[in-house]
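Below is one structure; the comments refer to it alone.
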Protein chains: 2
Amino acid sequence: MAHAIRFLTMDACERVGEGHPGTPLGAADTATALYRDHLRHNPADPLWFDRDRVVLSNGHGSMLLYALLHLSGYEPFSLDAIRRFRELGSPCEGHPERAPEHGVEVTTGPLGQGIANAAGMALAEAFLHHRLGPDIVDHRTWAMVGDGCLQEGVGQEVISLAGHLRLGKLTFLWDDNRMTDDGEIGLAQGDDMPARFRLSGWHVEEVDGHDAAAVSAAIIRGKADPRPTMIACRTIIGRGVPGVEGTRAAHSARLLPHHTGAARAALGWPYLAFEVPGDVQTAWREAGRRSLPDYEAWQARVAALPADRRRELDRLREGRLPEGWADALRDYARQAAAGGRAEYGIRISGDLVDRLAAVIPELISGAPDLEGATAHKRSLRPFTSADQGGRYVHYGIREHAMGAMMNGMAAHGGVVPVGVTYLVFSDYLRPTLRLAAMMGLPSLFVFSHDSIGIGRNGPTHQPVEYLASLRAIPNMLTFRPADAVEAAECWELALANRGGPSSLVFARQPLPPVRRDAGENRSARGAYVLEEAEGGAPRVTLLATGSEVALALRAREALQARGVATAVVSMPCWELFERQERAYQHAVLGRGTVRVGVEAAVRLGWDRWLGDGGGFVGMSGYGASGAEDDLWRHFGITAGAIADEAERCLGMASGVT
Amino acid sequence: MAHAIRFLTMDACERVGEGHPGTPLGAADTATALYRDHLRHNPADPLWFDRDRVVLSNGHGSMLLYALLHLSGYEPFSLDAIRRFRELGSPCEGHPERAPEHGVEVTTGPLGQGIANAAGMALAEAFLHHRLGPDIVDHRTWAMVGDGCLQEGVGQEVISLAGHLRLGKLTFLWDDNRMTDDGEIGLAQGDDMPARFRLSGWHVEEVDGHDAAAVSAAIIRGKADPRPTMIACRTIIGRGVPGVEGTRAAHSARLLPHHTGAARAALGWPYLAFEVPGDVQTAWREAGRRSLPDYEAWQARVAALPADRRRELDRLREGRLPEGWADALRDYARQAAAGGRAEYGIRISGDLVDRLAAVIPELISGAPDLEGATAHKRSLRPFTSADQGGRYVHYGIREHAMGAMMNGMAAHGGVVPVGVTYLVFSDYLRPTLRLAAMMGLPSLFVFSHDSIGIGRNGPTHQPVEYLASLRAIPNMLTFRPADAVEAAECWELALANRGGPSSLVFARQPLPPVRRDAGENRSARGAYVLEEAEGGAPRVTLLATGSEVALALRAREALQARGVATAVVSMPCWELFERQERAYQHAVLGRGTVRVGVEAAVRLGWDRWLGDGGGFVGMSGYGASGAEDDLWRHFGITAGAIADEAERCLGMASGVT
C-alpha cells in the first residue's frame, strides 16, 4: 500500500520534471498506517462534520496527500488529475490548496502554518465536543510534520500552547528524516526534539517510520493519552530510489526514467507508470470505507436529534450565524448615534464583541497577552486544559500561533474565531492573514492602537505603514471605523464577509462621534459622503479614515469659514469602495474638486483616490514618544494643517502656487 | 544601588502618570549585579568598539536601562532627561530607541527581537574575535529578557540556533517573575524554561534574582562555560511597592504618590523624588569606571597595531567598505552589458555576492535552509560552532531569527550582514525589516522567487502583495532589478545605503537583458527612460520593474508597429525616484502621455505614478500552480495585454471608449 503512494509520486514527479518526492517517499509508510488503521473519514462525503482532520504541514510533499486522496477514493483526485500534477487547472497543485469538499483541509506550504492550523482545529473540536456533546463531535486532528515546521517560530509557539491547553486529540506524525534542503539536520539544529515536546506536556512516541505496524501501535498509545501526541517517525528521505534515498538531493530531486526504473527493480514493483495493481487498489478502497459504520451511526444520531439541536448543528456546520445576530450591533449603533459620546476606540470593539458573544455562542475570542489593553474578554471564561468549553484563549505572547490557530478554527468550521492584538504586532502574524485570504477563511482580526495616537509608547508601537500593507493583501477586507456607529457597521460587514478574513483596525484613544444617524449601514459601500459642502458645489473633498475623520470635519469647518465649500468623505473600507459602480465612486470622490487624503499613516495607496493634483496629510516616517497631543502637532496632522494642504492644492490647481 | 534604579523608575513613572515599572523594579538587583561587577564599558566613550553590548529585550521596562545609563554616567541620560521620561524630545522614550552614541544599542519593544539582536551581536563578536584576534575583539553580549521574549516564536528560534552555534559569550538574564500582562504565567505557559534552554545546548543557572551576589556568581560560572548562558533570575514583579509587587497590575501599574510613599517607607529610602544619595551615586560612578583599565589597555593595543591592521580596524568600526569595493560590480555590469545573455535572476545576485565577498571580508551571508535555491553561499565556508570564522550562516528554517540576528550584526558593527530567502517568506521576518528601517541599520535583505514567474509551486510561493508592502516601510530601499546590469547597479546602491536597510528583489526565472550600456549607474535615480519613443513625442509611457521590463519592451515594439510612439521606463527603486527633483520625475514619467504600469503584483501604490487615466497590467489576486508560460498567459501579463491596455487608455483619453 505504501509503495502505491511511492510510485504515484515518482511517476507524477518524473512526468512533470519537478516536485518534492523526498517527503512522500519517506513518509509513505507512516501515512499508510494512519489511513489504513485509524483515520475517521468518508471519501464519499469529504465534508462530514465529524470527520478527522488531516493537515499536511510539510506541504511541499503534496504528492503524499494527493496519492492518499486518490487511493482512498476522493473523486477529484483521479489518476488523470495526478498525471497532471502541477499543471494549471489540476487539483494536484504544487502545494495543497484548501478544498475541503475535495478532501484538502487547508492550504499548506509556508512551513509551520499547518501544525498551527491543526492545533486550531483541535481546539475547535474540543470546544464543540464540549458544547454539542461527544455523540456529535468526537474526532481527531492529524498533522504530518517536517523538520521545517518544528524549526519555525510559529511551530515552537504552537508546541508550547497546544501542550499547555492539553489538546488531547491532536497528533503530530513527525517525518524525522534528519535531512533538510541545506543538508543534514545537524547543520542548523541540535535540539532533542522529542524532549522539546515532552517539556511542553506532550505524549511522545519514537518509532521506525518505515514500520507501519509500529506507527499504528504508537498511534493507539497516543489515543489513550489525554495529552497531545507527537510520534517521531524515523525515516529515510526519498526512500526507495537507489542513489537518491537518504541524500540531501532527495528533497526536491528531479526524477528521471532511470531513477524510477531502478526504484521499480529495488522495491519489486513491476507495474507500469501510474498503474496500481488490483489487490493494492482494493486494500486502499477498503481502508477508505473503514469508517463507514461510524459515519452511518453518526448520521443516525444526528437524524435522531431533537429538531432544535438539529437546526443548531446544521447552522454551525453551514457556517451561518444565528438569526438576528446583527440586531445587537444595530441597537448599539442607534444608541451611539443618539448618545454622541467619545469612546475609546478599542473599547468600542470590545463592547461590540461582548454583545456579539451573547448572541453567537460559537464566537471564540482571544489575544496574545493583551487582555486588559484590548478588552475583548469581558464575560467570556477562558478556554483552558481543564475547561475546554471556555471561549477566550489566552494565547500567551504568541501572535503568530494565534493567527494560524484562528485559521485552523475557521477551517474546521462551527466556530467564529476573533483574535485581537496591537496593529504593530500584525506583522508578527502577517503570514496568517495572507493564508486566511488565500483560503477564503472568515477569520476576524482586530488590531488596536492604530496610530501615533497611542502617544508615549513611541515609534515601535505606532503603526504607520500597516494600513497600506493590510490593504495590499488580496481578498481581505480592512476596516478602519471613525466612531462607534461606524464600528458597529464595520463589525456587521466583517461578520457577514464569509469568503475571506477581515481586519478591523481601531484607535486606542477616544473616537469623537462623527455619525449621528444609524439607520442605513453607510459603511457597506466602503466610502460615503459624511458631510456635504455648504454654499455651492464642493471645491475641496477631504477623504479620511478612522480617528482622522473627526479632524477632517474640523478642517472642513475652517475651510468653510474661509469660504471654501468642502465635503468630507469617510472611507472605512477601501476594498468595498473599490467594488462600487464608477458613478457612485465619482459622486463620492467629487471629481472636479481638489481631494486631500487624511490618514495618520504613509501615503502609499492613497493616490488611487486623490487623482492628479490631490494632497495628503499623514506620516512620512516613524513616530515618536510623547504625549498624544504633542505628537499630532509635531507630525502636522491637525485640522489646521489639513485646511492648509487643501488651500495649497487649490492654489496649485488654479496655477497660483 | 538597586534601590536607586527602583526610585528613579518610580519617580519617573509617577511624574508622567504611566510607564511599565514592573520590570525595572523586579530586575533592579539582577541588573545591578551585571553593571556593578561585570559589564565592560566606558560611559565616556559609548562607542568603544570592544565594549560589551547590552540589550534590554523586554523594552517596555525602559526605565531600567535609562536608570542604569544615568547612574553609570552616560551623559545624555541626565536627571533632567529622566524627569522628562516619555516626553517628546527626551532620550528617555517609552521604549528604548537605538542611539549607540548614547549607550542604547538597539531599539526594543516588540518582544523577542532584542534577544535575537543579541544573538546576532554575539555572532558578530565571535566572527571578529576570530578575524581580528582576541586583543582587539573580546567582549560579551548581555540581554535582559522577559517571559514575552521567550514565548515569541522568534525567541524560540534563537534559543535553538544560538545554542547550536555555541555563541559562548552570549548571556541572557531572564527576569523570571512568573507574571505577564494577562496574569500568572501559568495562564498560557507550562514549559520548564531552564530545561528548554538546556536541550538547545545552553549553560543554565537558576538563582534568586533579588540576590545580586548570587546573580554575580552565576555570571562568573556562565563566563567559564563555552556555551551560551541563560540565568533564570527568580524575581517579584514590581518589587518594592507594597500592594503592587507580585501582582498582575505591576506590569504597567500607574504609580501614585501613595505608592511611592509606601515604597520609600518599606525600602527605607528617605530621599526626595529623583534624589540619589551621594554614597550610592559614588558607588554607581565607580562601577561605571570599573572597565577603565581594560579600556586603556585596549586603546594602547590598538595604538600599537601595525598601520595596515589599524587602518583595517578603523575602517570596520566606522562601517566603511574597502576601497574599490564597487569595481567588482562595475566589471560585472560591463560584462553583462556586452554579453547580452539571459541569466536566472537570483543567480545573478549570487554571482554578485560571490564577487562582493571576495573584496569585502566582513560580508556574512546566509539563508534559512535555501542555500541551493538562492545560491548565495558559493565559496563561503559556514559559520559553525567549531569554526566561528565562517561567513555563511545556515539559519535553519528560521526566517525571523535570521532577520533579527542580521539586525544585531549590523548594530554591532564591523560586519556586513546579507540574508536571502524567498520573497513570500519576507512576511515571516517582516518585523525585522521595520526595526532595521527604524534603527537605520544597513541590513541587506535579498528576496528571490518574486512573482508568478516561479511557476508550478503555486500561490503560496507566488508573491503578489509583497512589493507594495515592502515599499510601505519608511526608510528602506526596495530594489527590483530588470536584468544583470541593473542588478549590479542596485547592489551597489544597496551597499552604499548606510542609513537603513535595503531589500533586493529578484526573479527566480531568467531575466533577459534589457540594458546594453553599463557606464553610468542609471538605477541611482530610481527610474529612468530605458527606451525612448520613436517617431515623435511619446503618446504612451510604459512603466515597469524587474522581469516585466522585458515584457514592456516587447509591448513597445507592438505599439510602435501600430504607430503609437511609446517610451519604456524602468523603475528599479521607487524610493530613490521619489527623491528626485520634480523636473526629472516629469521628464521620466512623460506627463501628457498615457502611462501604463506593468508589474506582476497588485496595483496598490502604482497610481502615484500613473496619474488620472493611467492603466495597469498586473495581478489582482493570488496566483496558481502551473507552468510559467501558462501562468503569464492565464493572468494576462503579456506584451499583447500591455499593448491592449495602452490602447484602451488612449481611447479613454480621447473619449473613444
Selection from the stretch B:102-126 of residues within 14 Å of chain A (Cβ to nearest Cβ) and touching a residue at least 60 places away in the same chain (Cβ under 8 Å) yields B:V106, B:T107, B:P110, B:G112, B:Q113, B:I115, B:A116, B:N117, B:A119, B:L123
Conditions (1) of a type in the set (A, V, I, L, M); (2) touching a strand residue (DSSP E or B) at 6+ places or on another chain (Cβ under 7 Å); (3) over 20 Å from A:D147 (Cα atoms) -> A:M230 fails only (3)
Filter the stretch B:415-438 for residues that are over 10 Å from the mean Cα position of the chain (by Cα) and within 9 Å of another protein chain (Cβ to nearest Cβ); the one that is nearest to A:M438 (Cα to Cα) is B:V424
Counting only helices (runs of 4 or more DSSP H) entirely within the stretch B:363-458, those with at least 2 residues that are modelled with pLDDT of 95 or more are B:399-412, B:430-439
The condition from (1) charged (D, E, K, R); (2) under 30 Å from B:H129 (Cβ atoms); (3) touching a Pro at 6+ places or on another chain (Cβ under 9 Å) that B:E286 misses is numbered (3)
Residues of the stretch B:526-569 being within 17 Å of B:A333 (Cα to Cα) and among the charged types (D, E, K, R), in sequence order, are none
Condition set among the charged types (D, E, K, R) and either over 25 Å from A:D369 (Cβ atoms) or part of a helix (DSSP H, G or I) (or both), scope the stretch B:148-178, selection farthest from the other protein chains (Cβ to nearest Cβ): answer is B:K169
Hey, any hits in the stretch A:343-358 for a residue that's closer than 26 Å to A:G546 by Cα, in a strand (DSSP E or B) and in the same structural domain as A:G413 (by TED's automatic domain parsing)? yes
Practice prompt. Return a yes/no flag: does the stretch B:636-650 have any residue that is at the interface with chain A (Cβ under 10 Å from one of its Cβ atoms), surrounded by 15 or more Cβ atoms within 10 Å (Cβ to Cβ) and either part of a loop (DSSP other than H, G, I, E, B) or free of Cβ contacts under 8 Å to residues at least 40 places away in the same chain (or both).
Written response: no
Picked from the stretch B:616-629 (must be in contact with a Leu (Cβ under 9 Å, 6 or more places away or on another chain) and more than 9 Å from chain A (Cβ to nearest Cβ)), the residue farthest from B:L543 (Cα to Cα) is B:G623
Taking the stretch A:127-147 and keeping only residues that are charged (D, E, K, R) and away from every other protein chain (no Cβ under 14 Å), one is left with A:R131, A:D135, A:D138, A:R140
Filtering the stretch A:48-80 down to residues that are over 24 Å from A:M405 (Cβ atoms) and either under 26 Å from the mean Cα position of the chain (by Cα) or crowded, with 21+ Cβ neighbours inside 10 Å (or both) yields A:M63, A:Y66, A:A67, A:L68, A:L69, A:H70, A:L71, A:S72, A:Y74, A:P76, A:F77
Considering residues that are small (G, A, S), farther than 16 Å from B:V244 by Cα and either over 30 Å from the mean Cα position of the chain (by Cα) or outside the structural domain of B:A116 (by TED's automatic domain parsing) (or both), the number found within the stretch B:1-32 is 3
_Would you confirm whether or not the stretch A:302-319 contains a residue that is under 29 Å from the mean Cα position of the chain (by Cα), surrounded by fewer than 13 Cβ atoms within 10 Å (Cβ to Cβ) and within 30 Å of A:K377 (Cβ to Cβ)?_
yes
Among the residues of the stretch A:581-622, the number that are over 29 Å from the mean Cα position of the chain (by Cα), over 21 Å from A:R648 (Cβ atoms) and assigned to a loop (DSSP other than H, G, I, E, B) is 1
Of the residues in the stretch B:570-603, those that are hydrophobic (A, V, I, L, M, F, W, C) and surrounded by fewer than 24 Cβ atoms within 10 Å (Cβ to Cβ) come to B:W574, B:L576, B:F577, B:A583, B:A587, B:V588, B:L589
Can you confirm whether the stretch A:329-338 contains a residue that is of a type in the set (A, V, I, L, M, F, W, C) and within 30 Å of A:H38 (Cα to Cα)? no
Log entry, pairs with first residue in the stretch A:448-464 being over 15 Å from A:R633 (Cα atoms), second being in a strand (DSSP E or B), beta carbons closer than 6 Å, six or more apart or on different chains, reads A:S448/A:Y422; A:H449/A:Y422; A:D450/A:V505
Cβ pairs under 8 Å, 6+ apart or interchain, first in the stretch A:470-481 and under 13 Å from A:L576 (Cα atoms), second surrounded by 24 or more Cβ atoms within 10 Å (Cβ to Cβ) and of a type in the set (K, R), ordered by first then second residue, are A:T478/A:R471
Check: Regarding B:L370, is this residue in contact with a helix residue (DSSP H, G or I) (Cβ under 7 Å, 6 or more places away or on another chain) and in the same structural domain as B:T384 (by TED's automatic domain parsing)?
Finding: no
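The values are calculated or read from the model by the stated rules, or taken from the named source; none is laboratory data. Here the structure is a predicted model, which means the values were calculated and not measured. Note: ideal-geometry Cβ built from the backbone for every residue, glycine included; neighbour counts use all protein chains shown.
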